[in-house]
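Notes for the one structure printed next.
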Amino acid sequence: MNELLKSYLANETARQNEGLELIASENFASQEVRALCGSVLTNKYAEGFPGKRYYGGCQNIDDVEQLAINLLCDLFGAKYANVQPHSGSSANMITYYALLNPGDTILSLSLDEGGHLTHGSPVNFSAKYYQILHYHLGSDAHIDYDRLEELALEKHPQMILAGFSSYPFEIDFARISAIAKKIDAIFMVDMAHVAGLIAGGVHSSPIPYADVVTSTTHKTLRGPRGGIILTNNEEIIKKINKATFPGLQGGPLENIIGAKAQCFYEASLPAFKAYAEAVVQNTKVTAATFAQLGDIVSGTENHLFLLNTKESFNLTGLQVEKMLEEINVTVNKNMLPGDQERPSVTSGIRIGLAALTTRGLNQDGAKEVAMLIHQYLKGEITKEEAQKRVVLIAKDLKNIEEL
Ligand code: PLP
């Protein structure tokens with residue numbers, strides 16, 4: 001291997017092992033998943049789908065991709081799946097391209113209230129090709145379903161989209177589905193963040209309610225970096241497949257598809273259910289500890305919560321992200337509902353426990369993480385003391401290469 005690359009890789013491995021990863025969209029994939037990402041499957045061109053390829057020599061690739069599809073359908077109880085999207089953004093782009101016409105209207109949650117760039121942010125393709133209407137959170141920071149219904153009935157969007165990147169509460173899929181049915185709109189769910197919790201049985205599933213469901217595979221689901229699309233509707237999967245290839249993508253990343261198959265297999269095991277339960281418990285304990293210490297947190301029903309750093313510590317999200325980076329704790333600044341700061345500054349941070357729970361963090365550890373961050377941000381302990389405590393916590397956790 002190139003010497004520079006070798007050293008960069010060693011640096012990153014050390015950073016991941018020695019630090020505390022609290023970014024809610026990250027996780028640590030198993031050795032098997034990582035081995036498949038780096039396997040010979042990367043060598044093969046396989047445009048098309050199992051049984052219908054545009055290249056010879058695809059018999060083994062067909063087996064791999066069909067296994068991934070079967071395991072995925074079984075995991076979520078869906079009839080049809082496409083495992084080829086290169087990422088979560090690609091899965092969303094493919095879905096819009098398959099099911100909407102340019103200029104159609106999508107009713108979604110905005111980025112600053114917990115949505116995602118691909119849900120209609122002005123700087124994203126989604127807002128350039130589609131009309132975007134946003135529903136909002138109520139004063140209790142939960143989705144305002146009544147207002148969502150009023151907007152849907154008034155504006156008749158072609159699609160209603162649910163599924164978020166920084167929403168800490170469970171989503172009422174049945175309620176949104178009923179609203180979409182009233183206006184004959186497509187109900188799409190982007191379950192990227194909570195896919196692992198759904199697979200582990202600790203979050204309700206959108207599959208019985210949504211026309212189409214997209215996801216990433218690398219967040220709570222703990223697989224390789226990639227995207228997937230699920231549906232129970234045969235006409236929809238035909239359109240999705242066509243939009244994937246030849247519509248928007250070329251050759252599928254079969255090495256990643258192999259790793260996705262392994263991820264779906266791992267997520268079907270009893271140990272994954274226990275993992276998902278531990279993620280939710282650890283997240284609750286961490287959020288509750290901040291709250292007991294007098295900090296302002298959003299509350300949580302899943303794997304993440306928001307910490308209001310402005311009100312709690314008189315620091316912006318950006319300042320806190322940087323301060324925590326100095327002690328090897330990784331978080332991301334995040335807009336809070338109604339945030340007056342710019343997205344590059346923000347008034348808060350997002351904290352997620354999926355990654356540390358994979359490394360074996362228990363509830364005592366979760367409490368210690370919150371106390372350490374609180375004391376450091378309040379100036380009650382020095383940077384050096386905080387760094388030492390991070391090292392101690394990280395030492396007790398599993399090594400990421402052995403997962
Ligand atoms: N959808 C949601 C809800 C997300 O949170 C994200 C990523 O953060 C994506 C889609 C995009 O996934 P990717 O980064 O793989 O394109």
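Readers should treat all values here as calculations from the given coordinates under stated rules, not as data from a laboratory. Note that the structure is predicted; figures quoted are calculated from it, not measured. Counting neighbours? That spans all protein chains shown, and the Cβs are built from the backbone with ideal geometry, glycine included.
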Exercise. Residue farthest toward the positive end of the dipole of the chain, with Cβ of Lys/Arg at +1 and Asp/Glu at -1: which of VAL285, ASN334, CYS73?
Worked result: CYS73
Problem set entry | Against the rule of thumb 2.2 N^0.38 Å, how large the Cα Rg of segment 31-267 comes out | 0.99
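What is the Cα radius of gyration of segment 323-403 over 2.2 N^0.38 Å, N being its residue count?
Details: Rg = 14.1 Å, N = 81, 2.2 N^0.38 = 11.7 Å.
Relative to the rule-of-thumb radius for its length, segment 323-403 sits at 1.21.
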Exercise. Of LEU269, LEU318, ASN362, which is farthest on the positive side of the dipole of segment 259-403, counting Cα position, with +1 on Lys and Arg Cβ, -1 on Asp and Glu Cβ, and the Cα centre as origin?
Worked result: LEU269
Exercise. Kyte-Doolittle mean at least 1.0 and Cα extent at least 27 Å along the axis: which DSSP H helices of the chain qualify?
Worked result: none
For this session: Provide the gained length on full extension for the span ASN314 to VAL40, in nm with one decimal, where the gain is 0.36 nm per separating residue minus the Cα-Cα distance.
Result: 93.5 nm
For this session: Could you check which residue among ALA274, ALA370, ALA24 shows the biggest mean-square fluctuation in a GNM of the chain with a 10 Å Cα cutoff?
Result: ALA274
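With +1 on each Lys and Arg Cβ and -1 on each Asp and Glu Cβ, how big is the dipole of segment 31-267 about its Cα centre, in debye rounded to the nearest 20?
With Lys and Arg at +1 and Asp and Glu at -1, about 660 debye.
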For this session: Report relative contact order for the chain in percent, whole number only (criteria: Cα-Cα under 8 Å, sequence separation at least 6).
Result: 23 percent
Problem set entry | Between segment 72-140 and segment 217-272, the alpha-carbon center distance in angstrom | 16 Å
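Counting helices only, and only those DSSP H runs with n ≥ 4, report the 222 nm mean residue ellipticity of the chain as the sum of -39,500 (n - 2.57) divided by its residues, in deg cm²/dmol to the nearest 500.
Rounded to the nearest 500, the figure is -13500 deg cm²/dmol.
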Seminar exercise, completed: Distance in Å, no decimals, from the C-alpha centre of segment 148-216 to the one of segment 1-44 is 32 Å
Exercise. Restricting to the chain, what percent of DSSP beta bridges are antiparallel, rounded to 5?
Worked result: 55 percent
Seminar exercise, completed: If every Lys and Arg gets +1 and every Asp and Glu gets -1 at its Cβ, then about the Cα centre the chain yields a dipole, in debye to the nearest 20, of 620 debye
For this session: Would you work out the relative contact order for segment 31-267, in percent, from Cα pairs under 8 angstrom that are 6 or more residues apart?
Result: 31 percent
Problem set entry | Gaussian network model of the chain, springs between alpha carbon atoms under 10 Å - residue of THR216, THR42, THR118 with greatest fluctuation | THR42
Seminar exercise, completed: Measuring from its Cα centre, segment 236-365 shows a charge dipole (+1 at each Lys and Arg Cβ, -1 at each Asp and Glu Cβ) which, in debye to the nearest 20, is 620 debye
Seminar exercise, completed: For the chain, the Cα gyration tensor yields equivalent-ellipsoid semi-axes (√(5λ), largest first, whole Å) of 34, 28, 18
Seminar exercise, completed: the chain, Gaussian network, Cα under 10 Å: of PRO270, PRO208, PRO157, the residue fluctuating most is PRO270
For this session: First select every other residue whose beta carbon is under 12 angstrom from the beta carbon of VAL297; then total the charges, Lys and Arg +1, Asp and Glu -1.
Result: 0
For this session: Provide the gained length on full extension for the span ASP146 to ALA274, in nm with one decimal, where the gain is 0.36 nm per separating residue minus the Cα-Cα distance.
Result: 42.6 nm
For this session: Please list, or write none, the lysines whose alpha carbon is within less than 16 Å of the alpha carbon of LYS181, excluding same-chain residues fewer than 8 places away.
Result: LYS155
Seminar exercise, completed: Residues CYS37, CYS263 in order from fewest to most other beta-carbon atoms within 10 Å are CYS37, CYS263
Seminar exercise, completed: Interchain or sequence-distant (5+) residues whose placed amide H lies within less than 5 Å of the amide H of LEU109 are TYR135
Exercise. What net charge do the residues around TYR209 carry, taking every other residue with its C-beta under 10 Å from that of TYR209, with Lys and Arg at +1 and Asp and Glu at -1?
Worked result: 0
